[in-house]
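Asks: So that we are looking at the same thing, I have put the structure below in structure tokens.
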Amino acid sequence: MLIKINDKNLSDVLKRAVEILNNGGIVAFPTETFYGLGVRFDMENSLRKLYELKKRPKEKPMPLIIGSRASLSMLAASVNEIAESLMDKFWPGPLTLLLKAKKGLSSYLTADTGRIAVRIPGESTALYLAREAGFPITATSANISGMPPAEDADAVIRYFGEKIDMVIYGGRTAGGLSSTIADVTDKKIKIVREGAIERSVLEKLRC
């Protein structure tokens, strides 16, 4: 199901997308960089289906988006001062933080590392969807693992066809660099992947 969004139907589309997520479905949506694929964070069958769809290696954990910091209580065992300061400075935005994972989360999300990857996305359909949902949603790139990420809905459909329950069409995304990933589980900043936020910017904040 492909649905184009506009100012008039955005609310209805988001409600429909959340309904699909709650029923175990997969939704594709524009982020501020590329299109992402979302399922509920706590539905094991949906997570497994998404991994199989993307042909994603099991050792690669699945990143999540949230609509507010209140949702961190569903994911993180603790949030230290360094993490809080980075959230204050860069959220919403293209910074994914690795935090100590709450017990009981799926290994599809943690890859048994004890860490969870999460961010509040910048201004985008992804942000609106995460806010509407009120629960964490996966935000893995809409592509087959190893292939270029999808910048538009047509690319999503070429990759997955009818296997996606809903594709929210929001035009072509900006592309560019993916989010920067920083591990802050040890009360210091360890840059795992440099992306839209430059390493030098985070280096200045190291403790």
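Asks: Hand me the GluC sites (Glu not before Pro) from segment 113-182 located in a DSSP loop with no more than 12 other Cβ atoms within 10 Å, in residue order please. Working shown, then result.
Replies: On the way: sites: GLU123, GLU132, GLU151, GLU162; in loops: GLU123, GLU151.
Passing both the DSSP loop test and the Cβ count: GLU123.
Asks: Between ARG131 and LEU2, 0.36 nm times their residue separation minus their Cα-Cα distance comes to what?
Replies: Numbers: separation 129, 0.36 × 129 = 46.44 nm, distance 2.11 nm.
Answer, rounded to one decimal: 44.3 nm.
Asks: Among ALA150, ALA174, ALA133, which one shows the biggest mean-square fluctuation in a GNM of the chain, springs joining Cα atoms closer than 10 Å?
Replies: In this elastic network of the chain, the residue with the biggest mean-square fluctuation among ALA150, ALA174, ALA133 is ALA174.
Asks: Give me the three principal axis extents of the chain from the C-alpha atoms, as integers in angstrom, largest value leading.
Replies: Largest first, the chain extends 47, 32, 32 Å along its Cα principal axes.
Asks: Contour minus end-to-end for GLU162 and LYS58, with contour as 0.36 nm per residue of separation and end-to-end as the Cα-Cα distance? Don't jump to the answer; show the numbers that get you there.
Replies: On the way: separation 104, 0.36 × 104 = 37.44 nm, distance 2.36 nm.
Stretched out fully, the GLU162 to LYS58 stretch lengthens by 35.1 nm.
Asks: Which of the lysines could a cross-linker span from LYS54 if the Cα-Cα distance has to be under 19 Å and same-chain partners fewer than 8 positions apart are dropped?
Replies: LYS163
Asks: Compute the length gained on full extension between SER11 and GLU81: take 0.36 nm times their separation in residues and subtract their Cα-Cα distance, giving the result in nm to one decimal. Could the numbers behind the result be given before it?
Replies: Values: separation 70, 0.36 × 70 = 25.20 nm, distance 3.52 nm.
Between SER11 and GLU81, full extension yields 21.7 nm more.
Asks: Have a look at LEU14, PHE34, LEU2 and report the one farthest towards the positive end of the charge dipole of segment 1-44, computed about the Cα centre with Cβ charges (Lys/Arg +1, Asp/Glu -1).
Replies: My answer, from the dipole projection, is LEU2.
Asks: Now, a different point. If R₀ is 41 angstrom, what is the calculated FRET efficiency for the pair ARG199 and ARG48, using the beta carbon separation as r and rounding to 0.05?
Replies: Working: r = 34 Å, r/R0 = 0.84.
In this case the efficiency is close to 0.75.
Asks: Find how many whole Å separate the alpha carbon centroid of segment 1-15 from the alpha carbon centroid of segment 54-110.
Replies: Each part reduced to its Cα centre gives a spacing of 27 Å.
Asks: If you filter segment 52-150 for trypsin sites (Lys or Arg not before Pro), then keep DSSP loop positions with at most 14 other Cβ within 10 Å, what is left? Intermediate results must be reported in sequence, preceding the final value.
Replies: Values: sites: LYS54, LYS55, LYS58, ARG69, LYS89, LYS100, LYS102, LYS103, ARG115, ARG119, ARG131; in loops: LYS55, LYS58, LYS102, LYS103.
For trypsin sites (Lys or Arg not before Pro) across segment 52-150 that sit outside H, G, I, E and B with at most 14 neighbouring Cβ atoms in 10 Å, the list reads LYS55, LYS58, LYS103.
Quick note: the coordinates plus some simple rules give every number you see, no bench work behind them. What you see is a predicted model, and the numbers here were worked out from it, not measured in a lab. Quick reminder, even Gly has a Cβ in these numbers, built from the backbone with ideal geometry, and neighbours come from all protein chains shown.
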